[in-house]
1. Of all DSSP beta bridges in the protein assembly as shown, what percent run antiparallel (nearest 5)?
2. Can you give me the Kirkwood hydrodynamic radius for segment A:3-184, using every pair of distinct Cα atoms, in Å to one decimal?
3. Give me a single rounded figure for A:283-294: the average over its residues of other chain Cβ atoms within 10 Å of their Cβ.
4. Size of the protein assembly as shown along its principal axes in angstrom, Cα-based, largest extent first?
5. Output the peptides A:55-64, B:75-84 sorted from most to least packed, where packing is the average of other Cβ atoms within 10 Å over each peptide's residues.
6. If packing is taken as the average number of other Cβ atoms within 10 Å across a peptide's residues, how do B:217-228, A:98-109 rank, most packed first?
7. Simple spin-label model, 7 Å along Cα-to-Cβ: residue A:147 to residue B:47 in nm?
8. Distance between the C-alpha centers of segment A:96-166 and segment B:42-118? Whole Å please.
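Just so you know, all these numbers are worked out from the coordinates, no wet-lab data involved. Keep in mind that this is a model prediction, so the values were computed, not measured. Using ideal geometry, Cβ is built from the backbone for each residue, glycine included, and neighbour counts are taken over all protein chains shown.
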């Protein structure tokens with residue numbers, strides 16, 4: 001994959017995820033073909049990008065590229081074969097339905113150049129579930145972004161049992177070259193890493209609310225005003241490593257017994273019953289009526305862009 | 001507690017936590033007495049604050065107060081009774097040893113004015129463990145900060161079974177008046193909320209490393225470059241509420257089954273064996289040699305201050 005020679009990226013599926021990917025690759029200097037089977041969706045995706053870019057430019061989130069430079073690299077096309085033709089890397093962001101992906105991957109594998117990597121944005125389906133019977137299945141893997149990838153850099157690389165190691169390595173290098181933060185899983189596992197970590201915290205949060213220890217607003221404050229202040233730039237492992245004089249081993253020596261005791265209590269599974277979900281829903285609606293969900297999402301996206309920019313600036317100033 | 005009439009705060013214990021508390025109360029306009037049984041420690045604490053304040057001022061983290069205004073309110077004293085005399089609120093930040101706290105609380109309860117609230121910064125000991133036999137135990141509770149409280153606003157309020165409701169309410173109001181973010185637990189529970197949430201995510205992270213699914217650096221990236229980008233300003237419950245068109249009930253309807261399946265897998269307890277801790281330690285040391293722990297802590301504190309300031313600015317601009 002000739003990253004040095006203007007590699008060509010094909011984005012298949014131009015919903016929210018594909019659209020955001022086009023910004024990631026376009027601002028990194030790559031030529032990007034956009035395809036979506038829905039008529040006009042790829043062109044619409046480029047229009048969405050055109051509206052988003054000026055703000056990203058103002059915030060310094062276009063890697064020094066101009067809005068026009070980025071836009072000029074995005075090429076909506078009408079046919080899948082035109083998107084894949086000459087591509088070095090294919091990022092598939094189709095709906096999360098196994099039947100759709102299985103059918104689509106037959107075409108992707110047939111039409112993409114033999115040397116192209118084919119990566120799926122899926123958050124839940126392992127690549128083995130939709131690539132098993134392909135002729136060149138060794139070039140397929142999952143590259144799961146967190147939405148929207150142009151603001152949230154993490155990408156989980158999850159190989160199927162037959163994914164070739166060099167394919168994972170090339171994808172990792174590609175992601176780094178566009179300033180994403182790839183992590184490599186050694187093998188497929190339900191929920192990958194991100195959703196497993198999210199699951200762990202949600203399971204405990206739901207229990208605390210179920211038991212009336214606190215409310216959903218307290219959970220959010222505990223993270224957003226507490227734990228999340230460090231996790232935003234260090235993550236939980238470095239956090240504990242720095243929280244004891246001798247590092248993480250010292251930390252575990254002192255606090256391991258407490259965590260082990262807590263783990264025993266926390267192991268009990270609490271079903272997400274209709275009642276519990278209803279309780280959480282009704283508490284959330286006191287903070288935010290359903291009619292304001294869309295407006296709050298726009299607020300979230302503005303905050304996310306501003307804080308992503310601030311984080312990049314702080315990283316540039318103090319190191320990462 | 002006459003917040004309107006220049007309430008007086010007594011800080012008992014002037015280590016890292018007490019020192020940071022003095023900034024919280026001082027910049028809010030409160031008179032603060034500092035006491036520590038170690039000779040000279042209270043005066044030393046004020047000197048530490050004097051060094052920290054100029055940077056906080058530059059970052060807009062002194063609520064518009066000047067460095068000198070804040071400093072003038074901090075009064076190191078040599079005797080416990082002088083610290084407590086006339087106090088409205090006592091924040092105890094003594095070592096986390098039950099024997100020390102039990103003995104200390106006898107003195108605090110005897111010497112503090114009857115109307116004063118007495119709160120402990122303890123992260124692990126329930127107030128019931130060291131206040132049971134006090135004459136005025138109903139005015140005691142836990143007010144657990146996240147370090148350092150002058151940059152991380154969360155405070156967990158945890159009542160003992162005998163803590164009076166008005167004491168919790170007054171402490172909550174006091175914390176809000178100094179721009180901290182108090183959450184109220186309905187009752188004592190091991191680990192309170194913050195350490196339970198941290199425990200849940202660490203337990204899963206340790207398992208993923210134990211099973212070689214990924215390394216400690218991948219865990220940190222999954223949070224710092226992924227989940228933590230939203231958790232920094234929204235928390236996990238609002239995150240999922242906004243991640244489905246119809247809100248959290250819709251989210252649970254769609255993804256609940258996946259999380260329930262994950263929860264079953266995640267329930268298994270994995271002991272933090274010496275081998276596992278050693279593995280985590282050795283992976284961390286590849287990122288950061290032990291000799292650089294102190295330097296990295298200074299980096300962490302600079303980043304935390306800069307990002308806390310950025311978050312406040314974003315909140316001022318877009319709302320919270």
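1. 20 percent
2. 15.9 Å
3. Counting other chains' Cβ atoms within 10 Å and averaging over A:283-294 gives 3.
4. Projected onto its principal axes, the Cα set of the protein assembly as shown covers 82, 52, 48 Å.
5. The peptides rank, most packed first, as B:75-84, A:55-64.
6. B:217-228, A:98-109
7. Result for the modelled spin labels: 5.5 nm.
8. Spelled out, the Cα-based centre of one part sits 57 Å from the other.
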